[in-house]
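A quick write-up on the structure given underneath.
What follows is calculated from the coordinates using simple rules that are stated; it is not laboratory data. This structure is a prediction, so every number in the text was calculated from the model and none was measured. In this analysis, Cβ positions are derived from the backbone assuming ideal geometry, glycine residues included, and neighbour counts consider all displayed protein chains.
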Protein chains: 2
Amino acid sequence: MTRRVALVGGGAARFGVRAATWAELVQEAGAALFRGVPNLRAADVDSLFVGAAEPERFAFQSHVAPLAAELIGVRPSKILQRTELACASGQSAIRSAYAAIAAGLCDVAVCLGVEKMNLPSMAEANTSMACVMDRPWDGPHGATAPPFFAMVAQRHMLEFGTTEEMLAAVSEKNHRFANANPIAQFYEKSFSREKLLKLPWIAPPLRLGDCSSMTDGAAAVLLVAEERARDYTDTPAWVLGTGQYSGFHNLAHAGPLTEWTGLTRAAREALRSARLEIGDVDFAELHDCFTISEIVEYEALGLCPRGEGGRFALDGQGDRGGSIVINPRGGLLGCGHPLGATGIAQALEVYEQFASRVDPRRQVPDPEVALVHNLSGSANVHSVMIYGRTAPGAS
Amino acid sequence: MTRRVALVGGGAARFGVRAATWAELVQEAGAALFRGVPNLRAADVDSLFVGAAEPERFAFQSHVAPLAAELIGVRPSKILQRTELACASGQSAIRSAYAAIAAGLCDVAVCLGVEKMNLPSMAEANTSMACVMDRPWDGPHGATAPPFFAMVAQRHMLEFGTTEEMLAAVSEKNHRFANANPIAQFYEKSFSREKLLKLPWIAPPLRLGDCSSMTDGAAAVLLVAEERARDYTDTPAWVLGTGQYSGFHNLAHAGPLTEWTGLTRAAREALRSARLEIGDVDFAELHDCFTISEIVEYEALGLCPRGEGGRFALDGQGDRGGSIVINPRGGLLGCGHPLGATGIAQALEVYEQFASRVDPRRQVPDPEVALVHNLSGSANVHSVMIYGRTAPGAS
């Protein structure tokens, strides 16, 4: 019997195209964490897990975990490490902290995610993004993220009649939620479907509004052992389960582009370990790196039959008033996607939704269970966590 | 009560200046793992933890965990991640696997460490190494690893009268052990103290033989839950305890250069959790990135009084026939130091020593307890693990 683990708060730096350096983003997230968890003292923190995808390229800095510790003013005496899983680096940090706390190896852990992606040379930043794919094999064919997900979208259109309007429905929803999220890159910016459908192509059929951004950002959350939870909050979000699946890396091994069985397997494992079913989930933070991603994810999670994800979006089934609220934070599309920070900011959203602390325009009514999903690379790895407002095993 | 965790075998690619690519090194280590653990089937492996420090710079590849999974032929269904902690990235992977298995989140985990450091442009490789230190603050002062550890050595000489001969004694011992280790970079190469003292300066007083190398290498070990241990080996090495401490990052906060309190604290925590004392340790794999490191580590571990580490080396107290055997594998000095692979290769040495499977010239007689140490960066982070031939809690 391992210990239960609670997420008890956090904070984030503003996401966007920022003048801040990598280090300044970390400091902002650290300050926001201590503001967000007022009872937390630096000396309480025994561990730090940093989620960061490519600081070696974006910030010419490795060994980032001790640097981040110093920047936020903590001296971990139990565990200090960085985890990298490309676009899922943040959630990977949370999963590591969860395991370590459950095993009794630490008690009070900060999970901090950060990425500085906007560089003086955006050509260099984009080149660095190519590192995420199988560079020697898929790189020469131009398989970076936008063309890969464009292939997924084209295939989905071919197989199922999915339309650009359906893609735009996802983007409109997520930007609308981000419009009510002060840390979002697209805070207080609105995009009608009509406007989205006139934005320039990035990789057809994906337009600018179908793609998450190159974003600077950082976020931090606090995970603690069950006996410490009430020290920090009256509204803990409990880790109920987790799952992950890695199917392939080289695109030649990908299988059907529009059927993300890795997500199906990861979610099944996460729900099994939480002793829940997908119908129990009140809202989900899904990895909408592109609009088509969210549509395929609806299907892989069993929220709708295969091929009907586009219709699900168009009908507002993932919107407030629909069957489940998807990405009330604003998603990667609306918040931007600072790789390492995304998974942490999603977890922070779960905490704040459970505590009913978000803008009413994006508050999910009385949520009890939330699912968080990140994919990484060419949707070859899927990572899922389930959080609940009620502690596992509690009656 | 969490589960006990056993290290049940592994394998390594040859360390050295290799024509192999990053991917080929991973494949070699994977093949060596399956040879080293004959009962292991790829389908048994539910998790993969990759220790890699800077693949983004050395191999222009990120998202390396799923790539490594594919290269060694496994499909993790539980946990897949890379950990980075500079020179301690390998041990960080093992600590992550230990936590996850202890918490019941996975059962059969491969920990794979890898680094490809020899590039067509060694200027570029050396520049990448500068990422490990606090680049914007300490970088402009030239504080990469050799000058930093040279300062430690100069200070140790000033304070305690440590001599070049004492440094050479460490190097001679570790190269002699490496001479009997087929995977070592300096396998079948011997270095007398006299010869070592004539090698060129790198950063005075450190000569070429006082510095670990820029090395290509990879290694993999298998960690499993206690109930699976006997499926794979009759001689498991049990994880008894672990500890880590992070004191600072910026050199301005370093405190006394010759007193590594972080190691003292990390080792104390590891020994406490193992319910052992330093006198119970039969041999230790210490992080001898430079000869002076091993000398300061003797002192920080309490193997000798502060200031007497050089004498301890000169007297052969860390050699076979001394009070404890230090670095029978050959250390970083003799094996080379492929950053992510080092911690994994050290753990593999523990397994093979316990199983009495190494060359008689470096076999420790009947070892029961081993300590593994890695430092990272400017000796600001110290990570320690304790392994035993007898399961914890067993009579």
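Observations, loosely collected:
- Sorting the Cα pairs of chain A by distance into bins of 10 Å, from 0 upward, gives 5, 26, 36, 25, 7, 0 percent per bin.
- For residue B:61, neighbours were defined as the other residues whose beta-carbon sits under 9 Å from its Cβ, and their charges (Lys and Arg +1, Asp and Glu -1) total -1.
- In nanometres and ascending order, the distances from the residue A:35 label point to those of the other copies are 5.8 (point 7 Å from Cα along Cα→Cβ).
- Among B:107, A:366, sorting on how many other beta-carbon atoms sit within 10 Å of each Cβ, with the fewest leading, yields A:366, B:107.
- A cut-off of 5 Å between modelled amide H atoms, ignoring neighbours fewer than 5 places along the same chain, links residue B:327 with B:284, B:285, B:286.
- In sequence order, calculated HN-Hα J values of the stretch A:112-128 (Karplus, 6.51, -1.76, 1.60; Hz; x Gly/Pro): 10, x, 7, 7, 10, 10, 8, 10, x, 9, 6, 4, 5, 4, 5, 4, 4
- Neighbouring partner chain Cβ atoms per residue of B:64-74, average, 10 Å criterion: 5
- Ranked for footprinting exposure by Cβ neighbours inside 10 Å, fewest first, A:134, B:234, B:138 give B:234, B:138, A:134.
- Cross-link partners of residue A:78 among lysines, defined as those whose alpha carbon lies under 29 angstrom from its own and excluding same-chain residues fewer than eight positions apart: A:116, B:78.
- Relative contact order (%) - criterion: Cα under 8 Å, at least six apart; region: the stretch B:226-283: 38
- Compared with the dominant principal axis of the Cα atoms in chain B, helix B:145-160 is inclined by about 60°.
- Percent RCO, i.e. relative contact order, over the stretch A:280-395, from Cα pairs under 8 Å lying at least 6 residues apart: 30
- Projected label points at residue B:123 and residue B:158, each 7 Å from Cα along the beta carbon direction, are separated by 3.3 nanometres.
- Value of Rg/Rh across the protein assembly as shown [Cα atoms, Kirkwood radius]: 0.97
- In the stretch B:29-174, Rg over Rh equals 1.08, where Rg is the alpha-carbon radius of gyration and Rh the Kirkwood radius from pairwise Cα distances.
- Residue B:181 long-range amide H proximity, modeled H, under 5 Å: B:188
- Pairwise label distance in nanometres, residue B:141 with residue B:252, each label 7 Å out on the Cα-Cβ vector: 0.9
- Averaging the Cα positions of each part gives two centres, and for the stretch B:276-355 and the stretch A:247-265 these lie 45 Å apart.
- Net lengthening on full extension, residue A:361/residue A:21 (0.36 nm per residue, minus Cα-Cα): 119.2 nm
- Taking amide hydrogens as placed 1.01 Å from N in the peptide plane, the amide H of residue A:240 sits under 5 Å from those of A:386, A:387, A:388, each at least 5 positions away in sequence or on another chain.
- Exam field: residue B:120 pseudo-label spacings to other copies (7 Å along Cα-Cβ), nanometres: 2.6
- All Cα pairs of the stretch A:307-395, percent lying beyond 20 Å: 42
- Sorted shortest first, the distances from the residue B:188 label point to those of the same residue in the other copies are 7.2 nm; each point sits 7 Å from Cα along Cα-to-Cβ.
- Result for chain A in a Gaussian network model with C-alpha springs under 10 Å: among A:58, A:290, A:15, the largest mean-square fluctuation is at A:58.
- In terms of its Cα atoms, the stretch B:164-319 spans 53, 39, 31 Å along the principal axes, sorted from long to short.
- Here the 3J(HN,Hα) profile of the stretch A:213-227, calculated from phi with Karplus coefficients 6.51, -1.76 and 1.60 at θ = phi - 60°, is 9, 7, 10, 8, x, 7, 8, 9, 10, 10, 10, 9, 5, 3, 6 Hz, Gly and Pro shown as x.
- Comparing B:90, B:316, B:51 in a Gaussian network model of chain B, where Cα atoms under 10 Å apart are tied by springs, the biggest mean-square fluctuation is seen for B:316.
- In Hz, Karplus ³J(HN,Hα) per residue of the stretch B:243-258 (6.51, -1.76, 1.60; θ = phi - 60°; x = Gly, Pro): x, 8, 8, 10, x, 6, 10, 5, 4, 4, 9, 6, x, x, 5, 9
- In the stretch B:107-194, Cα pairs under 8 Å separated by at least six residues give a relative contact order of 14 percent.
- The C-alpha atoms of chain A define a longest principal axis, and helix A:164-178 lies at about 30 degrees to it.
- Measuring r between the beta carbons of residue A:272 and residue A:208 and using R0 = 45 Å, the FRET efficiency lands at 0.70.
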